[in-house]
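My questions all concern the structure below.
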Amino acid sequence: MIPRVFIITDRAVAPEPAPTLAPVLSVLPPGETAVVLREKDLPVREHLALGRALRALTKSHGALLIIAGRLDLALACGADGVHFGREAPSSEDARPLLPTSMLVGSSIHAGEPAPLLASYAFLSPIFPTSSKPLAAPLGLDGLRATAQRSRTPLVALGGIDESNAGRCLDSGASAVALRSRLLGADRLRAARALAEIIASRP
């Protein structure tokens, strides 16, 4: 089982992720949230310091911490998992190096199989999104078709908010991933709506 809400950090939206996410994690149910630290431009020391701050925060709220792209930092700050996009190493490369309890995430697009050794795979984009303006959205039909042939839990990504998260879960996604919606000024309202969506789908 994986959490049903993944929050991806973005310092362009929230320069200080830990204090920004503290009230959001207070609203979302324990055990149902993972914070993905994805900050490729940070120097190693700052990256590790931020990872440790988020590690303390997530532990205090019953949430998971996943580090994107940096296996060394994931291990150094005691994260619950590591996520690899389309860069090396792959989840197959990383899995033998990690404790069995750690999650290993991957990213796929339409038509791509999810790695068998991955704990979950981000599938994107589901809806139109400014972060991938040239990519054709899969829509719910594409999500449903991919989920039907995937043995790896899928996390719906791209244009997800509280208005469509429930439909993604009902269309085969095991979880949804959000960035700006849970980092911006209206994040608490979005978090409360997501908490209700989760509660309605035990």
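Using a simple spin-label model with points 7 Å from Cα along the Cα→Cβ vector, what separation in nm is obtained for A145 and M1?
Taking the two extended label points, one gets 3.2 nm.
Right, another one. Suppose R0 equals 22 Å; then what is the FRET efficiency for T100 and D161 from their Cβ-Cβ distance, rounded to the nearest 0.05?
0.05
If I model a spin label as a point 7 Å beyond the Cα along the Cα-Cβ vector, how far apart are those points for K132 and A110 in nm?
In this crude label model, K132 to A110 measures out at 1.0 nm.
Provide the net charge surrounding D10, with neighbours chosen by a C-beta distance below 9 Å and charges set as Lys +1, Arg +1, Asp -1, Glu -1.
Computed value for this residue: +2.
Right, another one. Which is the longest part of the chain that has none of the trypsin sites (Lys or Arg not before Pro) sitting in a DSSP loop with at most 10 other Cβ atoms within 10 Å? Write out the running numbers ahead of the final one.
On the way: sites that count: K40, R86, R149, R151.
Formally, the longest exposed-site-free interval is 87-148.
In percent, how large is the relative contact order of the range 5-199, given Cα pairs closer than 8 Å and 6 or more residues apart?
Values: 376 pairs, mean separation 38.9, N = 195.
That works out to 20 percent.
Once you have the alpha carbon radius of gyration of the chain, what is it after dividing by 2.2 N^0.38 Å, with N set to its residue count?
Against the compact-globule rule of thumb, the ratio is 0.94.
So, one more: Taking H placed 1.01 Å from N in the peptide plane, check which residues at least 5 places from V176 or on another chain put their amide H under 5 Å from its amide H.
Under 5 Å from the amide H of V176 lie the amide H atoms of V5, F6, A156, each far enough along the sequence or on another chain.
No value in this document is a laboratory result; all are computed from the given coordinates. All values reported here derive from a predicted model rather than from experimental measurement. Glycine gets a Cβ as well: all are built from the backbone with ideal geometry, and neighbour counts include every protein chain shown.
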